[in-house]
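Working notes for the structure below.
The values are calculated or read from the model by the stated rules, or taken from the named source; none is laboratory data. These numbers come from a predicted model, not from an experiment. With ideal geometry, Cβ positions are generated from the backbone for all residues, glycine too; neighbour counts draw on all protein chains shown. All accessible areas refer to the heavy atoms of the entire protein, side chains included, with ligands and DNA or RNA removed. Shrake-Rupley method; radii C 1.70, N 1.55, O 1.52, S 1.80 Å.
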Number of protein chains: 2
Amino acid sequence: MEQLPLYAIATGVVALVVAALFYFRVKAAPEGGPAIARIARYIREGAMAFLVREYKVLAIYAAVVSSALFFGFQSQGLGAHAALAFLSGAALSLLAGFFGMRAATFANVRTTEAARTKGMAAALVMALDGGAVMGLCVAGLGLLGLGLVTKLFADTPHHTFGTVIHAFAVGASSIALFARIGGGIYTKAADVGADIVGKVEANIPEDDPRNPGVIADNVGDNVGDIAGMGADIYESYVAAIVAAMALGLTMPFQELQPLAPDNPSEVSVRALAVGLPILLGTLGLAVSILGIFITRSLSSLPPATVLRLALIVPPFLAIGAAYFVLPHFGITTSALVTLGAGALGGAVVGLVTDYYTSMGPIHKIAASSLTGPGTNVIRGLAVGLESCAIPLLTLCIVGWVADHYLGLYGIALAAVGMLAGTAIVMTVDAYGPIADNAGGISEMGGLGPDVRKITDELAAVGNTTAAVGKGSAIGSAVLTVVALLVKIKMEVNASRAARGLGPLSLNLVDAEVLMGILFGAILPCLVGATTMTAVGRAAGAIVEEIRRQFREIPGLLEGKEGAEPQPARIVDLATTAAIREMLAPGAIAIIAPVLIGFLLGAKVLAGALAGALAVGATLSLLMANAGGAWDNAKKFIEKGGLPGHKKGSDAHKAAVVGDTVGDPFKDTSGPGVAILIKVMAVVSLLIAPMLT
Amino acid sequence: MEQLPLYAIATGVVALVVAALFYFRVKAAPEGGPAIARIARYIREGAMAFLVREYKVLAIYAAVVSSALFFGFQSQGLGAHAALAFLSGAALSLLAGFFGMRAATFANVRTTEAARTKGMAAALVMALDGGAVMGLCVAGLGLLGLGLVTKLFADTPHHTFGTVIHAFAVGASSIALFARIGGGIYTKAADVGADIVGKVEANIPEDDPRNPGVIADNVGDNVGDIAGMGADIYESYVAAIVAAMALGLTMPFQELQPLAPDNPSEVSVRALAVGLPILLGTLGLAVSILGIFITRSLSSLPPATVLRLALIVPPFLAIGAAYFVLPHFGITTSALVTLGAGALGGAVVGLVTDYYTSMGPIHKIAASSLTGPGTNVIRGLAVGLESCAIPLLTLCIVGWVADHYLGLYGIALAAVGMLAGTAIVMTVDAYGPIADNAGGISEMGGLGPDVRKITDELAAVGNTTAAVGKGSAIGSAVLTVVALLVKIKMEVNASRAARGLGPLSLNLVDAEVLMGILFGAILPCLVGATTMTAVGRAAGAIVEEIRRQFREIPGLLEGKEGAEPQPARIVDLATTAAIREMLAPGAIAIIAPVLIGFLLGAKVLAGALAGALAVGATLSLLMANAGGAWDNAKKFIEKGGLPGHKKGSDAHKAAVVGDTVGDPFKDTSGPGVAILIKVMAVVSLLIAPMLT
């Protein structure tokens, strides 16, 4: 078992090497004529400028929090451990975002060029290669970091090792929170702002080069749907593995023993329990690397089929690999069942998401557009509410099965099983916005309808795969938080025991716990409200600036030669607004558990985590799925799904309203709420040893 | 203490006598010329036709459930008790709805006539008198029923008395669920349907007599906002009192003793704990009757001020009265503090609701309409999410305070304190739709702008008071469910003890409890989804029929002499649709706890109730407040709140979209979800003695 961290590190390094190869392969491809290359440069510069400014703010945040950790854990002699682990978790998240987004901003224009010169299959491969850099960086850096941490600290006392991995997870999660919310606000403010003036007021098409907002809109795809999404998935991956490791570290022996019933040694079974999540991460990453190559090789098949398979098959292959590997460690097949339940649950959640965002329900939303935007929005919200049911039920069943076989440790393991295919899932997720960007560049560069048709088809698939990816991220988040709750309780009990107190009574029917549940329900609402308002406010500022440019730049709207928009001003506005507006929701998520924990105690905090979990899971599923469904209902009408009601008809306009509402739902507030519940849980975990 | 039920019965009878006086006073008033009298008759007949058909369906439901109870409780020798108590609770709910709605359908046209002949103050009094019939019937029948049940069964064994009051509450709650959802679907389907064809397509004003849907729209106000709302408030009132009585009956003596610390007798303290909720109901009803007369006498003041005071002051007066009465029973001032916390909490929730639905936030929603319906809807949803925070926080604080003074029994008492003013709150709530109807009748009858101006002003206030009433209903629901959870646990433990099992372990950090919480989160989503879809579907059918009439009845749209719409067909469509569509969400609420309890056990059921509570409270506050805010934002624009953007402007049209989305939110799904959590809790309570 002591070799496991080395395998993880080695696999992580291989993944990063492969990522580098994809990176240089993408960069070496032809980027097309000067017109589209210039547009791509604008997008790349805007995206990197946002990332640099965001990272500066996050550096201040990281400095403050790592100092607080340094002093907070000083008394236990773990100040430097906690601070450095936090910084490592945070830094790796930033690095993954940086490399992945840089690759994406090279890949977008090269996908356009490949579509122009070589056709669909080549364009698909180019977009996938760009996405693979992000996918491999996310899983590779995550596994590398966790492997290193385990290698260095696995032999230290449990409390030391625990503090290190918890602080590592807090670093990953809190950076992800800011990156996801900041990127989400940017992308949707730019999208909504550009659409309102462009499509609705000036009546010019999406991505029209006259619209000063389209560069910012395309920048947004990169900073939100690539860098933000990447940080999110990296965080899910790290948090799931850390939760399982942490439980392995401190669960009572008799609860872990079913993992390896023939092994009488507590030390050795515990080492298995701690190592298994990393082992599964290693197998999953290896399978995913292979999967990425297989997916590329299938590029001549219909993209929708290829990408759906790429999302759903790899976790099962990883578990299949585990079937051969685990017996060598004396691990029972219960672990496989648990991992399998997680993978199957993730697939069900993904397929249900797929159903609600691309099949029957979107036809109903489209049909409800015939009676106007009001009924379109009502129907979309109803679809979103309904879409929560099967995923939540599935998670309940996965939880029950996992608990039945391996207790609460099993629930953590199921979350790891759900994320076994992270590298390829993230590849496919990042592919979507690259294809979207490719379409934008082709439109702005005036490459004509043939190229646009290819990029549109690639982008349409991306829309669905993004929704599927979000669904399984929320699913793993729920299971991870359930596991973390267990671990938090154990930490608090250890802290109480050290102070001579009895174990925490966490009776559900207790005024403090129930009030905690209600209190916890508030937090997802506040994060939802602040992020939606932020998008509205930032979009409003962008609308004003675009209107000003149309008014004050002579000939711009008419498309006269020499009348150039000033996209940099919009990019700057969006950047400033996104960075300013991400602070309040981010602060709520990080400060709330600290205040509740220290002022009201561990009992209320545990209740609050459960309340935030129930409401947060529901809201984020509702928002992600309704948002995806509205978007695709609009696209369905655009493709002629409602005979007699084409693009530009009243029904289509009604569908555009739903899509506008769905924009912040699916890409800002929904993901923000999903991360909130994990950030609250990991922050609570970190402070739990100081609570009573 | 044994006199208390008699006082309650006497006060209930007084309230019903006063209600009868108001009823006959309203009926004796002049109903105006034949034109408006005929319109009013259409509305009255449509409303009564709906009620009759709804009651037939509910009679079947009641027959089935009472038979199930008869046989289910047979083994304990309580079959007849449970069945009859259930039928009484249900029948009193139906009676209150019947009398209240009948009075309202007389009062609406007489309010129009009073506005025409005597002016604002007389019209206000007429609408209030109509509402008072409902208000007094709701509280009077509720108190009368509970007083009779207590008088008859208080001396029977606890288990018998408990079963009787639980079954009474289940009767009240489940009828309320169907009445609220059925009425809500009716009113919003008719409203949305009539608006879509009338305002948006045919461009004719609200309540225009040419629109075949306006009669159904006005019927909807009566069946939804009066009969449905009345059943809802009756249920809240009964459930809150029953929860406190039930806890008084079985809480361990040492937890009840702080209520009367000088009284050493368990029997006598327990009798106080059971009697106190009824005593407070009696005081509250007495104060409310006085309050109704005082409110009427202030009719020359601005209606907004008078009605806000009428909503907020009476609970405090009731507690002031309790200050003088309680010492006679040796009850400590802790009870007053707890009741006061509940009343104050209710007032805070009401005022916060008032703020979010009539002040700053609606200006922001109105301003966001300038950039289109998409941003209007986004802003409204953000306002709704934000509006959950302070009410939920307030409920946490009330819960903490109540628990601090009187333990979990105190939380139940706080809910009773919150509802002490039920009779007058319901009067003001029912006043709103009467004023709305009066406006509709005046428009349809062509009485001109002067009359309409008066009825519009009366109706505008009603809109806000309705939101305030909903807020405190949700607040009391949350506290009641918390109290019921405690009681359910006690009942299950008694059942387990009888089977030789130890007490139920309800650890929050337990896979079954946590999975139960996630499972419970599904149910509010499903009720929300099915009710929103139902409104959309029923509205669609109405739209088709109205379009058909405009198409096929020559001269109707042009308003030619002799071209008459066929409102009866719309009324019939809405009735059929509402009754059909109420069944699925109603069945979910009633069947889910039974299935969970018997198949998965009490542990999962307790978790599910907590999960449904957290998500249900959030969704219903969000929906009620966002809906009210959208409605008032639209009215704000209509009154010139956005200079340069009048009625009919693009900004106004955007606001109408928000209002359309808000319609099912505030009047169908939001209230449906709020009742769901209580129905689940009372049904669970009733079956708890059979669970393990």
Please determine whether any residue of segment A:484-496 is in contact with a His (Cβ under 9 Å, 6 or more places away or on another chain) and of a type in the set (D, E, K, R).
yes
Among A:ALA123, A:ALA176, which is hydrophobic (A, V, I, L, M, F, W, C), open to solvent by less than 10 Å² (accessible area, probe 1.4 Å), in contact (Cβ under 8 Å) with a residue 12 or more places away in the chain and farther than 24 Å from A:ALA90 by Cβ?
A:ALA123
Residues that are closer than 25 Å to A:ALA435 by Cβ, open to solvent by 10 Å² or more (accessible area, probe 1.4 Å) and part of a loop (DSSP other than H, G, I, E, B): does segment A:209-222 have at least one?
yes
Of the residues in segment B:614-652 that are at the interface with another protein chain (Cβ under 9 Å from one of its Cβ atoms) and out of contact with any Gly (no Cβ under 8 Å at 6 or more places or on another chain), the one that is surrounded by the fewest Cβ atoms within 10 Å (Cβ to Cβ) is B:ALA617
Extreme residue, nearest to B:LEU676 (Cα to Cα), among residues of segment B:523-534 that are facing chain A (nearest Cβ under 7 Å) and open to solvent by 10 Å² or more (accessible area, probe 1.4 Å):
B:LEU526
For residues that are part of a helix (DSSP H, G or I) and facing chain A (nearest Cβ under 9 Å), scanning just segment B:361-375, find the one that is most open to solvent (accessible area, probe 1.4 Å).
B:LYS364
Take segment A:232-291 and flag every residue that is assigned to a loop (DSSP other than H, G, I, E, B) and either touching a helix residue (DSSP H, G or I) at 6+ places or on another chain (Cβ under 7 Å) or open to solvent by less than 10 Å² (accessible area, probe 1.4 Å) (or both).
A:MET251, A:ALA260, A:ASN263
Is it fair to say B:SER297 is free of Cβ contacts under 8 Å to residues at least 12 places away in the same chain, of a type in the set (Ser, Thr, Tyr) and closer than 30 Å to B:GLY97 by Cα?
yes
Restricting to segment A:504-522, name every residue that is facing another protein chain (nearest Cβ under 7 Å) and either without any contact (Cβ under 8 Å) to a residue 40 or more places away in the chain or in a helix (DSSP H, G or I) (or both).
A:ASN507, A:LEU508, A:VAL509, A:ALA511, A:VAL513, A:LEU514, A:MET515, A:ILE517, A:LEU518, A:PHE519, A:ALA521, A:ILE522
Only one of these conditions is not met by A:THR394: (1) among the polar types (S, T, N, Q); (2) within 26 Å of the chain's Cα centre (by Cα); (3) closer than 30 Å to B:VAL197 by Cβ. Which number is it?
(3)
Residue hits (segment B:535-563; more than 14 Å from every other protein chain (Cβ to nearest Cβ) and either in contact with a Gly (Cβ under 7 Å, 6 or more places away or on another chain) or of a type in the set (Gly, Ala, Ser) (or both)) are B:GLY555, B:GLY559, B:GLY562, B:ALA563
Scan (1) open to solvent by 20 Å² or more (accessible area, probe 1.4 Å); (2) modelled with pLDDT of 85 or more; (3) touching a helix residue (DSSP H, G or I) at 6+ places or on another chain (Cβ under 7 Å) for the single condition A:ILE312 breaks and write down its number.
(2)
How many of the residues making up segment B:586-613 are away from chain A (no Cβ under 12 Å) and within 21 Å of B:ILE185 (Cβ to Cβ)?
5
Testing A:GLU386 on (1) open to solvent by less than 30 Å² (accessible area, probe 1.4 Å); (2) at pLDDT 90 or above, one condition comes back false. Which one is that?
(1)
Of the residues in segment A:538-568, those that are surrounded by fewer than 15 Cβ atoms within 10 Å (Cβ to Cβ) and either of a type outside the set (Lys, Arg) or touching a Pro at 6+ places or on another chain (Cβ under 8 Å) (or both) come to A:GLU544, A:GLU552, A:PRO554, A:GLY555, A:GLU558, A:GLY559, A:LYS560, A:GLU561, A:GLY562, A:ALA563, A:GLU564
Only unsatisfied item for B:GLY445, checking (1) buried (at least 24 other Cβ atoms within 10 Å of the Cβ); (2) of a type outside the set (Val, Ile, Thr); (3) facing chain A (nearest Cβ under 10 Å), is (3)
For the condition away from chain B (no Cβ under 14 Å) and either over 30 Å from A:GLY32 (Cβ atoms) or among the polar types (S, T, N, Q) (or both), what is the one hit in A:GLY475, A:GLY471, A:GLY440?
A:GLY471
Out of the residues in segment B:588-616 that are over 21 Å from the mean Cα position of the chain (by Cα) and among the β-branched types (Val, Ile, Thr), which is farthest from B:LEU69 (Cα to Cα)?
B:VAL604
